[in-house]
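The values are calculated or read from the model by the stated rules, or taken from the named source; none is laboratory data. The structure displayed is predicted, hence computed values, not measured ones. Note that we place each Cβ from the backbone using ideal geometry, even for glycine, and neighbour counts take in every protein chain shown. Side chains are part of the model used for accessible areas, which takes the heavy atoms of the whole protein and leaves out ligands, DNA and RNA. Shrake-Rupley method; radii C 1.70, N 1.55, O 1.52, S 1.80 Å.
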Amino acid sequence: MSFDISALFCQILLILCITASSSIFADDITVITADRIKSNDDKSSSDVRVIDSEEIKNNLSKTLPELLSKESDLSVVSSGPNGSNSSLFLRGTDSSHTLVIIDGIMMNDPSNPNRQFDIGRLSLNNIERIEILKGSQGLAYGSNAIGGVLVITTKKAVSKQLSGESFLDYGTFNTVNAGTNFQRKYDLLNISAGADYMNTSGFSAANKKDNAYAEKDGARRASLSLGINKDLSEDYIMDLNLRYSHNVADVDKGGGPGNDDPNDRQKEEEIYSKMQLTKNWSGNAQTQFSYNRAKHHRLFEVQYDSAHPQNSNSLSVGEMNSLTANHTYYISDLLTQNLNVEFTHEKDQSGHYNRNFSGFLYHQYELPSSIFNFGIRLDHNISFNDHITYKGAAGYKINASLLKLSYSTGFRAPSLNQLYDPTFGNKDLLPETSNGLDISLENRWSDQVKTTSTLFYTKIKNRLSFHPNTFININMGTAEISGFEESTIINWTNLLDQTLSITLLKTRDLRQGKRLARRPDINLKNIFNLQVRDKHHLGYEFSLVGQRSDVDNLGNTVQMKSFLLSNLNYRYVLNNQYEYYFKIKNVFDTKYEEIFGFGTSGRAFTMGMQYTF
């Protein structure tokens with residue numbers, strides 16, 4: 001599907017004209033933190049989607065890919081069953097262009113070839129909220145944020161009474177998923193902790209249609225999280241966050257014929273930690289000092305058998321340490337200023353390393369009907385010297401409407417693997433750079449109907465890729481991405497609501513004259529939620545994923561067919577503590593592929609229970 005970008009601009013202008021005479025805009029009291037400055041969502045010029053713990057609980061999502069697959073401007077693709085590698089394409093940008101942060105800790109793996117974070121193994125247990133920043137966030141977050149940032153926050157203790165949640169479910173492919181979390185304030189410490197476990201026999205990662213005797217590829221995951229908070233005095237607060245994850249997954253050689261393998265598997269172990277001291281200055285300023293550390297171990301085992309004579313082990317180790325000082329100064333009721341300096345050191349298993357020193361200054365200026373954000377950032381990196389990033393944004397209320405505009409730049413530094421891999425590395429790589437423009441319009445037509453229309457454009461230069469013949473990493477030309485997103489929330493009655501969102505996308509590799517792989521030209525989500533007598537909750541999700549291109553085993557471009565999916569879920573709320581649920585994924589057992597040659601589950605059932613205390 002293709003569309004005319006000029007027509008989309010005309011549609012935005014038409015909507016502006018219509019809404020200029022509407023009623024007064026209703027205030028939303030959602031506080032967002034992703035801009036590094038706390039503000040209500042109607043006082044932020046950023047395009048942010050906030051998913052809170054109640055929404056996570058009610059739609060029964062247990063993993064991050066399951067939750068994000070409900071968003072039309074996010075494309076989640078997995079190379080196999082639950083627990084397998086999963087990539088995220090935010091508004092058409094590469095999977096390496098989305099930065100993932102949990103409690104201020106950068107999750108992206110510096111030893112990964114693209115320095116990306118594999119979202120396929122992240123449980124939602126003990127997660128309080130997820131803020132999805134859309135568009136380049138290079139000003140506040142530096143490298144890897146060309147497409148956007150996922151800012152994830154874990155639960156915090158709010159009472160001296162013990163509270164928390166537990167869940168247990170079982171489903172198709174002998175999939176067991178269990179987890180628990182609790183929060184409590186003590187006299188000396190405030191504690192939040194969580195633990196979860198998943199085990200599945202899975203299905204073949206290499207599609208069975210091309211591998212008739214393919215064996216199942218299973219996976220196991222266990223993770224722990226701990227948050228400790230202490231008020232040292234009225235002015236000083238100390239925070240400690242720890243997170244551990246252990247994953248084992250069977251993998252195949254790839255997609256397509258002859259790629260099933262019963263022996264290969266990948267083992268991962270990840271440890272994250274953060275210490276932070278916060279100083280509050282008489283209510284008009286706040287300073288935070290933090291030390292973050294992340295370590296990734298990834299072992300890829302290739303074992304011998306008669307059909308697959310290869311036998312090797314490949315170990316990757318990525319470590320990242322960072323020191324950050326962040327100062328927010330509330331100069332007046334109208335002006336807020338944020339100053340941040342950070343030093344980051346990363347290294348891999350071979351001793352190769354990179355250092356980056358950065359600083360940015362960010363301003364937010366509020367008026368009764370408008371808000372303005374602007375700032376500039378400098379990164380000094382030993383691999384590419386200095387790089388400047390900047391952003392300007394504005395939000396303006398027009399009666400019932402909230403118009404947001406932003407122009408931002410971004411970059412992505414080459415990973416250690418891309419620079420120093422002994423076979424495919426290239427020390428002369430330049431960082432990717434981007435320019436992006438977003439225009440969005442929010443309007444509440446009534447108490448029952450709210451719409452959001454967004455037009456976005458991104459241009460990426462010096463794209464990091466590899467030579468098609470030698471596979472050596474190179475900077476490979478320029479890409480353009482343009483798109484339009486429309487989201488509508490309708491409360492038909494007090495018991496029935498609907499969320500309809502659609503994203504139209506056009507991507508282009510200007511050097512090769514081709515579409516960017518794995519980005520659908522249309523992505524539609526239609527979700528209904530029905531409540532009956534407070535106890536029965538029924539949810540239905542309809543998805544349309546449009547055509548997209550991919551690459552086969554020989555490096556040839558192939559076209560992937562569009563597909564329709566339907567998911568159904570039911571919750572029975574027995575009381576304030578106990579809930580029982582049942583889910584059907586792919587109700588009509590549609591045959592489809594997300595990645596060329598890789599399998600998908602078909603119809604799958606899950607049943608379980610949730611306990612809140």
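Summary table
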read-out	value
Cα-Cα separations in region 163-209 greater than 16 Å, expressed as whole percent	58 percent
Flagged links, alpha-carbon separation over 20 Å, of Lys57/Lys156; Lys155/Lys230; Lys459/Lys506; Lys450/Lys525; Lys57/Lys591	Lys57/Lys591
Region 286-436, Rg to Rh (Cα coordinates; Rh as Kirkwood inverse mean 1/r)	1.14
Cβ-Cβ FRET estimate between Thr423 and Ser53, R0 fixed at 51 Å, reported to 0.05	0.65
Most positive-pole-ward Cα, Ser87, Gln610, Leu124, against dipole of the chain from beta carbon charges	Ser87
GluC sites (Glu not before Pro) restricted to region 233-312 and DSSP loop, no more than 11 other C-beta within 10 Å	Glu234
Where Trp445, Trp492 fall by accessible area, highest first, once all protein chains stay in place (1.4 Å)	Trp492, Trp445
Solvent accessible area, Å² - Asp552, 1.4 Å probe, full protein context	40 Å²
Leading residue at positive end of dipole, the chain (Cβ point charges), from Tyr236, Ile595, Ser273	Ile595
Kirkwood hydrodynamic radius of region 209-293, Cα pairs, Å	16.8 Å
Computed accessible area, Asp589, all protein chains, 1.4 angstrom probe, square angstrom	50 Å²
At R0 = 56 Å, FRET efficiency that the Cβ-Cβ distance of Asn556 and His327 yields, to 0.05	0.60
Leading residue at positive end of dipole, the chain (Cβ point charges), from Ala157, Tyr578, Pro520	Pro520
Accessible surface of Ile527 - all protein chains present, 1.4 Å probe, nearest 10 Å²	30 Å²
Magnitude of the charge dipole, region 409-518, Cβ model with Lys/Arg +1 and Asp/Glu -1, debye to 20	480 debye
Loop-located trypsin sites (Lys or Arg not before Pro) in region 119-173 whose Cβ has at most 15 other Cβ within 10 Å (DSSP)	Lys156, Lys160
Counting all C-alpha pairs of region 493-613, share separated by more than 16 Å (%)	71 percent
Test item: Cα-centred dipole of region 464-613, Lys/Arg +1 and Asp/Glu -1 on Cβ, debye	160 debye
Which of Tyr540, Tyr390 is most accessible, then next, and so on - probe 1.4 Å	Tyr390, Tyr540
Residue pairs, from the table Lys209/Lys295; Lys62/Lys295; Lys347/Lys461; Lys70/Lys535; Lys391/Lys514, whose Cα atoms sit over 31 Å apart	Lys209/Lys295
Student exercise, the chain dipole from Lys, Arg, Asp, Glu Cβ charges, in Debye to nearest 20	180 debye
Per-residue ³J(HN,Hα) for region 459-464, Karplus 6.51 cos²θ - 1.76 cosθ + 1.60, θ = phi - 60°, Hz, x for Gly and Pro	10, 10, 10, 6, 4, 7
Solvent-accessible ranking of Tyr396, Tyr330, largest area first, probe 1.4 Å	Tyr396, Tyr330
